[in-house]
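The values are calculated or read from the model by the stated rules, or taken from the named source; none is laboratory data. These numbers come from a predicted model, not from an experiment. Positions of Cβ are generated from backbone atoms using ideal geometry, with glycine treated the same way; all protein chains shown enter the neighbour counts. Just the protein is used for accessible areas: all its heavy atoms, side chains included, with ligands, DNA and RNA removed. Shrake-Rupley method; radii C 1.70, N 1.55, O 1.52, S 1.80 Å.
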Amino acid sequence: MTLVVTPDVAVVGGGPAGLIAAEVLSAAGLSVAVFERMPTLGRKFLMAGRGGLNLTHSEDFERFVARYGDAAPVLRPMLEAFTPADLVAWAGGLGQAIFVGSSGRVFPTALKASPLLRAWIARLEGQGVALNLRSAWTGWNPAGDLTFDTPDGPRRVRPRATILALGGASWSRLGSDGAWAPWLGARGAAVTPFRPANVGFTVGWTEVFRERFSGSPLKNVALSFEGRTSRGDALAAGYGLEGGAVYALSAALRDAVEARGSATLEIDLRPDIPLAPLTARLSRPRGGQSLSSWLRKAAHLSPVEIGLLREAHGLALPVAPDALAAAIKAAPIVLTGTQGLERAISCAGGLSFEALDGLELKAAPGVFVAGEMLDWEAPTGGYLLQACFATGVAAARQALTVLSAHPGESRDPS
Ligand SMILES: Cc1cc2nc3c(=O)[nH]c(=O)nc-3n(C[C@H](O)[C@H](O)[C@H](O)COP(=O)(O)OP(=O)(O)OC[C@H]3O[C@@H](n4cnc5c(N)ncnc54)[C@H](O)[C@@H]3O)c2cc1C
């Protein structure tokens, strides 16, 4: 095996966390080599752009930070050092104008990720970053070199510092499969098992509902679970329920389904109409109309919403206007399972912050970690990418500090 590369810094993983780290380090004048197992960079980033690349969120910073739950205290300084405004300015520097959606979510006007990624790769190449594709990291050899499988055979790399940005374990066909967990575990770095996050849930729909309404959107509903409510859209999938409003509650729902086997989600199908005015609407004379037409006209319920009402309350819906209004405002749907990692937008679990000093591995000085491989989770809304960028920048800045304190010395583990 030949010792091929000795860059100042090896960045392993060519997603947003790794690429921003490579950008910061190369801009500081270090030689940087990125190693990515897939034939192209940023596959999950491109996938994220398929439904509109939600880069970050424009809400108040305190509210923003709180979205990271238990990980908020540890992520806060990194998010303060690379804020949503910094991310927007960065995207602007790559020629990507931004707009803020009505929900406060921030998108590039191009919506897709591809123009941004193209400009970004050109910038990295312009800064001299070596982009090594089809290079799958396989761990460390006994001498402490990083080892890679490449189409040209195995390679060894001995950098002065390493940034690991290997992603989580969802949608593994895009490149991130969590295979690194045992390698870091073997170095004494605790890795919390991966669990799906921002994911759909199984519902035992009746055959009639499934056949008729699979793929139908539930627009502007309010979902409640254990005192928390999320407003937005959901989707009735053949297997159950998915979509942004579901994902916002998915951590608590997943934990409850895991602990108790099921969780009951309450759906308010008309969250903009309080109970009393809805009751008044349903008190008007129905004439000879069927209940479905009546519900469509009086409460503006769509066919899928009427179907869902029957799934929740049974075919014989209440007749009294106040009881019917109450049923529309609180339709209980029992979730009986969580979709797997393969279908999850992100994951919970990963490398524990306790294994780190800042973002440097305690067990392997000179190795820094960034992005979704760290143990934090957040809902959709731009929080995922913002934390990947912020941790990528923080890992790079910490590596810079450490390297400037040890000029010319390799700090990689051996
Ligand atoms: C369908 C979908 C939609 C999404 N939409 C959004 C959105 O709109 N907004 C948002 O904020 N987030 C969104 N996300 C999440 C977001 O894309 C991820 O959180 C983000 O890409 C994670 O960045 P990362 O750099 O940490 O990891 P990744 O993007 O997963 O990159 C890690 C890279 O490491 C490489 N790698 C892994 N193991 C090895 C190895 N052994 N050797 C070499 N390379 C390796 C992988 O191939 C991968 O390219 C979405 C995700 C999905 C799946």
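Quick check: at a probe of 1.4 Å, how many percent of the accessible area of the chain sits on carbon and sulfur atoms? The value for the chain is 55 percent carbon and sulfur by accessible area.
Rounded to the nearest 20 debye, the dipole magnitude of the chain is 1120 debye, with +1 charges on Lys and Arg beta carbons, -1 on Asp and Glu beta carbons, and the Cα centre as origin.
Distance from the Cα centre of region 284-334 to that of region 2-37, in angstrom? With region 284-334 and region 2-37 each reduced to a Cα centre, they are spaced 58 Å. Each part gets one Cα centre, and for region 43-70 versus region 358-374 those centres are 22 Å apart.
DSSP beta bridges fully contained in the chain are about 75 percent antiparallel. Along each principal axis, taking the top coordinate minus the bottom one, the Cα set of region 201-338 gives 47, 31, 22 Å in descending order.
When every Cα-Cα distance of region 11-91 is counted in 5 angstrom steps from zero, the calculated P(r) takes the values 3, 12, 18, 20, 22, 17, 7, 2 percent.
Apply 1/(1 + (r/R0)^6) to the Cβ-Cβ distance of residue 80 and residue 214, taking R0 = 60 Å, and write down the FRET efficiency to the nearest 0.05.
0.85
As a rough guide to protection, the peptides 151-157, 73-79 ranked by mean Cβ packing within 10 Å, highest first, stand as 73-79, 151-157. Counting only Cβ charges, +1 for Lys and Arg and -1 for Asp and Glu, the dipole size of region 134-253 around its Cα centre is about 380 debye. Compared with the dominant Cα axis of the chain, that is its longest principal axis, helix 303-313 is turned about 80°.
Figure legend: label point modelled 7 angstrom from the Cα of residue 231 along Cα→Cβ; residues of region 328-343 with amide N under 18 Å from it are 329-331. For the chain, the number of Lys pairs with C-alpha atoms closer than 28 Å, counting only pairs eight or more positions apart or on separate chains, is 6. A 1.4 Å probe run over the chain, with the rest of the protein chains in place, finds 41 Å² accessible per residue. Each label was represented as a point 7 Å from its Cα along the Cα-to-Cβ direction; for residue 405 and residue 362 these points are 1.6 nm apart.
Fully extending the segment from residue 63 to residue 255, taken as 0.36 nm per residue of separation minus the present Cα-Cα distance, adds 66.9 nm.
Axis angle, to the nearest 10 degrees, between helix 383-405 and the longest C-alpha principal axis of the chain: 20 degrees.
Rg and Dmax of region 65-212, both derived from C-alpha coordinates alone, stand at 20.4, 62 Å. Summed over qualifying helices (DSSP H, 4 residues or more, each -39500 (n - 2.57)) and divided by its residue number, the chain shows a 222 nm mean residue ellipticity of -10000 deg cm²/dmol. Overall size of the chain from C-alpha positions, given as principal axis extents largest first: 86, 41, 37 Å. Note on region 201-338: with charges restricted to the Cβ of Lys and Arg (+1) and Asp and Glu (-1), its dipole about the Cα centre is near 540 debye.
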